[in-house]
1. Quick check on my filter: what residues within the range 71-98 are within 20 Å of residue 124 (Cα to Cα), in contact with a helix residue (DSSP H, G or I) (Cβ under 6 Å, 6 or more places away or on another chain) and surrounded by 17 or more Cβ atoms within 10 Å (Cβ to Cβ)?
2. Residue 222 fails exactly one of the following numbered conditions: (1) over 25 Å from residue 41 (Cα atoms); (2) touching a Leu at 6+ places or on another chain (Cβ under 6 Å); (3) modelled with pLDDT of 95 or more. What is the number of that condition?
3. One residue is enough: does the range 35-49 have a residue meeting the conditions surrounded by 15 or more Cβ atoms within 10 Å (Cβ to Cβ) and more than 25 Å from residue 228 (Cβ to Cβ)?
4. Check the range 262-275 and report whether any residue there is in contact (Cβ under 8 Å) with a residue 60 or more places away in the chain and aromatic (Phe, Trp, Tyr).
5. So which of 132, 221 is touching a residue at least 24 places away in the same chain (Cβ under 8 Å) and charged (D, E, K, R)?
6. Answer with yes or no whether residue 18 is outside the structural domain of residue 138 (by TED's automatic domain parsing), within 23 Å of residue 134 (Cβ to Cβ) and of a type outside the set (S, T, N, Q).
7. Do we have residue 324 as modelled with pLDDT of 95 or more, assigned by TED's automatic domain parsing to the domain that holds residue 278 and either surrounded by fewer than 21 Cβ atoms within 10 Å (Cβ to Cβ) or over 16 Å from residue 269 (Cβ atoms) (or both) here?
8. Mind listing just one residue for me: the one in the range 228-278 that is modelled with pLDDT of 90 or more and not in a helix (DSSP H, G or I) and, of those, surrounded by the most Cβ atoms within 10 Å (Cβ to Cβ)?
Amino acid sequence: MVTVAMANNPRDALDRCAAFLDADPDNPQLLARAIDLSLEVGEIQRGMKWVGRALSTLPSDPYFIYRRGCLELAAGDAAEGERTFRSLVERVSEPEPRVRLAYCLLAQGKYAEAKQELELVLVHADRVPEIRALYLRALHYLGQIDAAIAYAEAQLEKDPRQAPVLAALSTLYVDADKMVQAKEAARKSMDLGVEVPDALVTMGTAALGEEDVEQATGYFRRALEKNPRSGRAWVGQGLAQMLGLDLAAAETSLAAGVQNMPTHVGSWHALAWCQILRQDTIAAEASFARALELDRNFAETHGGLAVVAAMQGQVEAAKERIRRALGLNDECFSARFAQSLLLRRGGREQAAGQLVRTILGSMQTGDGRNLMQVLAKFQVRKPPRS
């Protein structure tokens, strides 16, 4: 029997397996091993080739159908993965296909459906531990913060050494304005020897709230190394770079943030303010316009557009935007900022560093807090791929 398990690393094992398949192309055991190794090392196209070959001779085999769905999900084709896993959960009783189906649903923003699917397999959480953290993510996306915190705390009472649950709980605590508990949960998760991206982002957020740019940047960088699709981490890194006055790098990071969570208004605002600081009013106007499409009644968006108009010398347009913004919120920071720009047109501008801190420390987000206090309140739109 041919074995490839003794290679020094997965990529070497994959190359050896591919060589064996050249001689025995339809061997199902070799194909299964090659597909698993392809998933492990991220060689998605090679895996697709082999799973297609396997299903051409074994079209109903649940193992290969499951692996096809995993490859589709890894390739970013969550819709196709959903179809594959739905066909499978109708035929098998094991929980794993339904868990992968939930991943596909979350990736498409079908949060309520994902929650329903996960509730069918919660009883199997001891067998498939990732169910717990994934269920917490579904509750979080649905805005059911209190329910998610209660579930996480109950699970940790049974077993406090669950790093993914602690990490997810840390994010929930951040969004519930419990930063002390958030840091404690994140630290406990990291003390278990596993760096879960959510915990790293929480620690970065805490450091950013303390304006510790170096420490925040380190945490966000490590989070992105593990999960390059983390919108929270990209935006957090961008805000840290703004505080460090590396505005070009900040704009790149914030653009990646909105790419990964395009429906979050606050992220578009962060990008727009960075563009304002770079004197790119055309780009800032476009970013605020995207935010306006998402919520037409957020005062800070109208105020941001007023700032842009004031910088462009469009006095009447700026005044109209200010009027709208203050009508929605008479304490709107961006509208007041726009007023100050109009009042001191031609006067001396603030130093860049002070302007950054004014924006980040004073801009109201619509719920009575400033931007610096809610840096982590970003809706992640992709399932974890750590």
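1. Across the range 71-98, the qualifying residues are 85, 88, 89, 95, 97, 98.
2. The number of the failed condition is (1).
3. no
4. Going residue by residue through the range 262-275, those that are in contact (Cβ under 8 Å) with a residue 60 or more places away in the chain are 262-264, 266-267, 269-270, 273.
Filter again for aromatic (Phe, Trp, Tyr), leaving 273.
Scanning the range 262-275 turns up at least one residue that is in contact (Cβ under 8 Å) with a residue 60 or more places away in the chain and aromatic (Phe, Trp, Tyr).
5. Working: 221 fails: touching a residue at least 24 places away in the same chain (Cβ under 8 Å).
On inspection, the qualifying residue turns out to be 132.
6. Values: outside the structural domain of residue 138 (by TED's automatic domain parsing): yes; within 23 Å of residue 134 (Cβ to Cβ): no; of a type outside the set (S, T, N, Q): yes.
In short, no.
7. On the way: modelled with pLDDT of 95 or more: yes; assigned by TED's automatic domain parsing to the domain that holds residue 278: yes; either surrounded by fewer than 21 Cβ atoms within 10 Å (Cβ to Cβ) or over 16 Å from residue 269 (Cβ atoms) (or both): yes.
When the stated conditions are applied, residue 324 passes them.
8. 230
The values are calculated or read from the model by the stated rules, or taken from the named source; none is laboratory data. Note that this is a predicted model, so its numbers are computed, not measured. So basically every Cβ, Gly included, is an ideal-geometry build from the backbone, and we count neighbours across all protein chains shown.
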